[in-house]
1. Would you mention how many residues in region 21-44 are of a type in the set (V, I, T) and either at pLDDT 80 or above or open to solvent by 100 Å² or more (accessible area, probe 1.4 Å) (or both)?
2. Have a look at A50, A59 and point out the one that is over 30 Å from I9 (Cβ atoms), among the small types (G, A, S) and surrounded by 10 or more Cβ atoms within 10 Å (Cβ to Cβ).
Amino acid sequence: MMAGCVHMIFGPLGFLVGFVVAEFIAVLSNSRKEDLLMVKKVFKEVIAYAKRIKGRFIASWEAHLPSRDTLLTSL
């Protein structure tokens, strides 16, 4: 598939040159996809960590809040 795309884009090349170009494009396309997936995974991990920190922060402040409903009813 990749060799056919190289032949259509670059025209007829020698076997060795076409093979090298096709393999270079295949390596670039695979590495970019893996890098993108790695970045997405890291982004998900950071978001999950931020949500945990937010939950812990809210829980810690709930312990320090007064137990009354509103300030008007507590007077």
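1. So the answer is 2.
2. Step by step, each of A50, A59 is checked, and only A50 is over 30 Å from I9 (Cβ atoms), among the small types (G, A, S) and surrounded by 10 or more Cβ atoms within 10 Å (Cβ to Cβ).
The values are calculated or read from the model by the stated rules, or taken from the named source; none is laboratory data. Please read all numbers here as calculations on a predicted model, not as lab measurements. Note that we place each Cβ from the backbone using ideal geometry, even for glycine, and neighbour counts take in every protein chain shown. Note: accessible area is taken over every heavy atom of the protein model, side chains too, but ligands, DNA and RNA are not part of it. Shrake-Rupley method; radii C 1.70, N 1.55, O 1.52, S 1.80 Å.
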